[in-house]
Amino acid sequence: MDAQFLGTDDLATTTPPPVAVVVDVMRAFTVAAWAFARGAEKIVLSGSLDESLALKARHPEWVTLKDGPPAPGFDAVNSPALLRSVDLGGRTVVQKTTAGTVGALAVKDAPPVLCASFVVAGATAEVLRAGGSGSVTFVVTGEDGKADEDLACAQYIARRVTEAGSGAGSDSAEFLRRAGDSRAASELAEGVRQGAHPDDVALCLELDRFPFAMVAALEDSLMVLRPHTAPSSVAAPWAGERAAGRASA
């Protein structure tokens with residue numbers, strides 16, 4: 001697999017990637033995984049707070065979630081620890097964050113987009129491996145592409161893809177250490193970031209906590225994230241595009 005690691009801003013000067021994996025460890029795509037684990041049916045990735053509130057106005061039953069402290073019109077904050085006891089059975093969640101959702105929306109025109117963090121790292125690697133992806137762009141969303149927790153997770157997933165069968169324990173300690181020593185982890189642990197819980201960092205570093213990957217695609221103009229437990233369900237579109245390319249060559 002040919003992997004490249006780009007920040008969100010770098011995407012403006014590149015062609016849409018054939019396969020994109022958008023990584024936000026602390027905390028967007030750890031929170032998204034917890035939302036699915038708590039029963040959410042789908043997550044709408046929102047481009048702005050105003051869009052989130054407009055969606056809430058049209059769909060009062062949807063659950064709105066944002067970075068930072070609680071705010072009028074929003075039902076939850078971007079904290080895995082605060083979300084882990086919430087019953088989201090069958091609900092639609094609208095998520096707006098500073099980095100993760102921005103990164104996913106930046107590649108919305110790509111084929112199915114994977115959203116990832118350590119808690120779904122293994123399942124994400126399985127999807128990439130099943131899709132036979134020759135070239136993958138990992139989008140490092142935090143700190144303008146410099147967030148070491150996101151880069152470490154992206155590099156770990158890439159290694160899991162290329163070292164099939166090595167298992168979850170393969171060299172994971174160093175990648176998790178980097179994430180735990182990151183600026184984001186320090187800010188969360190020190191209470192610098194609002195809308196956080198003391199357990200957030202530990203939950204973000206739980207490798208392979210969940211058995212599903214998360215795939216986003218446009219649905220009626222909205223970028224919608226859904227859990228995928230069967231790698232073959234997203235492998236076919238990539239394989240079809242490569243086959244078409246070979247036929248036209």
* Separation between the R183 and E51 pseudo-spin-labels, each 7 Å from Cα along Cα→Cβ, expressed in nm? -> 2.5 nm
* Structure fact -> note: region 1-141, Cα-Cα separations exceeding 25 Å make up a percent value of 27 percent
* Structure fact -> Eigenvalues of the alpha-carbon gyration tensor of region 67-121, times 5 and square-rooted, give semi-axes in Å, largest first, of 22, 15, 12
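Restricting to the chain, compute how many DSSP beta bridges are antiparallel as a %, nearest 5. Write down the numbers at each step before the final one.
Working: 12 of 36 bridges.
Within the chain, antiparallel bridges account for around 35 percent of the total.
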* **Length gained when the stretch A217-T98 is fully extended (0.36 nm per residue, less Cα-Cα span)** => 40.9 nm
* **Amide H partners (placed H, <5 Å) of H228, local residues excluded** => A213, M214, V215
* Vicinal HN-Hα couplings computed from phi for region 13-26 (Karplus, 6.51 cos²θ - 1.76 cosθ + 1.60; Hz; Gly/Pro x) -> 10, 10, 6, x, x, x, 9, 10, 10, 9, 10, 9, 7, 10
* So what J values fall out for region 95-105 if you push phi through Karplus, 6.51 cos²θ - 1.76 cosθ + 1.60 with θ = phi - 60°, rounded to Hz, Gly and Pro as x? -> 10, 10, 10, 6, 10, x, 5, 4, x, 5, 5
* Potential lengthening between V192 and D171 on full extension [0.36 nm per residue; Cα-Cα distance subtracted] -> 4.5 nm
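Under the 0.36 nm per residue contour assumption, what length would be gained going from the current alpha-carbon distance of T162 and D109 to full extension? Present the calculation step by step, with values, prior to reporting the outcome.
Details: separation 53, 0.36 × 53 = 19.08 nm, distance 2.61 nm.
Using 0.36 nm per residue and subtracting the Cα-Cα distance, I get 16.5 nm.
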* Using 7 Å Cα-to-Cβ label points, what is the S135/D199 separation (nm, one decimal)? -> 4.4 nm
* Structure fact -> Residues meeting the amide H criterion for V136 (H placed from the backbone, H to H distance under 5 Å, 5 or more places apart or on another chain) are D2, A3, Q4
* Integer Hz, Karplus 6.51/-1.76/1.60 couplings in order for region 180-197, x for Gly and Pro -> x, 8, 6, 4, 4, 4, 5, 5, 5, 5, 8, x, 5, 8, 7, x, 10, 10
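Bear in mind that the values in this text are calculations on the coordinates, not laboratory data. Keep in mind that what you see is a predicted model, and the values were worked out from it rather than measured. Here Cβ is always computed from backbone atoms with ideal geometry, including for glycine, and neighbour counts include all displayed protein chains.
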